[in-house]
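The values are calculated or read from the model by the stated rules, or taken from the named source; none is laboratory data. This one's a predicted model, so the numbers in the text were calculated from it and none came from an experiment. Cβ: placed from backbone, ideal geometry, glycine included. Neighbour counts: every protein chain shown.
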Amino acid sequence: MEIRNVWLLVISVTAFIVIIAINIYSKKKVLFSSRKKIANTKTTKELPQYQKALKQYKVMRIALVIALFIVVLSAGVLSSRLVNVNREKSESNSRDIILCLDVSLSMIDTNQEVMAAMRDIVKGLDNDRVGISIFHTTSVTLFPLTDDYDYIDSLLVDLEHAFDSKYRATLDSDESMRLYRLITKGTDIGMDTRGGSLTPDGLASCAYSFGDMNDKERSRSIIFSTDNEVDGDPYINLMQAAKLCLDNNIHVYSINPNTLITNKENNDELKKASIYTKGEYFELDNKSTVPSIINNIEEQEKSLIEGTENIVKTDSPIIPFISLVTSFTAALFVCKKVKVWLLNQYYQYG
């Protein structure tokens, strides 16, 4: 437990001590300056009845001061806000999924449909973390793994619009330029020397987007959208990229939107690489593609993710409130006792 506004408690206790000190000082001053002393009271003070009465008075006085101090202390703690401090570590069971999207020129006419399919896939997921990476010559991570599905969907909508012909037809508006930069900024680095559509490098980069590659117990999948039409000089070949995924327990689910116009050899290579990672190969125009990918991902066991430790503070007024009520009741009881005791002394000794 901790007290949020300690200064209120300090002020309350200090004020009480000052009042008591002033009261004692002023009482002594009144007793010994404005009143006359009575002579020959020694014998009276030695009487057992006097000693008993004096003792009772001191006990009730001390009890009253203690009760009032507890009242002030409890009120101070109550106003200072006593809080419980708990450290909570959020945990969730989920899978990690990277949407790995080919944004090269050969995909420009079909990527609008690809993005729509990706939106449907994401909508079918439940509590899984999703990231998006796009590639042409170079890979660019648009955002890392997150479970913010609203943000994921908004970005996929932007990507869908970026490949819409009405936005691509002209770049004379701020929105068109923004969407154009979304898919070209960073992805065209090195195009002059290495070419483009470097599918193997794109897959390998997406594999490293998961972060800690040593954690092979994590459930990880890549949804890989490409036609595998390599037009440049990649650092590795597709099967080497697939082996990287297999070695790190990453399943690759490929979606080929251009099966009718691309080279059959490239299609077969993409299919072989996907199956090699214990994933699957799909054609975009197949109606079962989206539900099949979702089912394949859901069959994988979810892994426990430890989140960040959060400090949760909750008000705890019960203890000081009970103390306040109890001590205030005790103070009233002592006051009544003192009153009754004074009346008894008056009637007994006149």
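Taking strands (runs of 3 or more DSSP E) as the structural unit, those lying wholly within region 91-205 and holding at least 3 residues that are β-branched (V, I, T) correspond to 129-135, 139-146.
Selection of first residues in region 211-238 that are in the same structural domain as E269 (by TED's automatic domain parsing) and in contact (Cβ under 8 Å) with a residue 24 or more places away in the chain and of second residues that are part of a loop (DSSP other than H, G, I, E, B) and of a type in the set (A, V, I, L, M), restricted to Cβ pairs under 6 Å at least 6 apart or on distinct chains, gives the following pairs, ordered by first then second residue: G232/L198; P234/L198. Restricting attention to region 329-345, the residues being over 55 Å from the mean Cα position of the chain (by Cα), among the β-branched types (V, I, T) and surrounded by 13 or more Cβ atoms within 10 Å (Cβ to Cβ) number 1.
Taking region 207-232 as the range and being buried (at least 24 other Cβ atoms within 10 Å of the Cβ) and assigned to a loop (DSSP other than H, G, I, E, B) as the test, the residues that pass are T226, D227, N228. When S133 is tested against the conditions (1) closer than 26 Å to S292 by Cβ; (2) out of contact with any Cys (no Cβ under 6 Å at 6 or more places or on another chain), the lone failure is (2).
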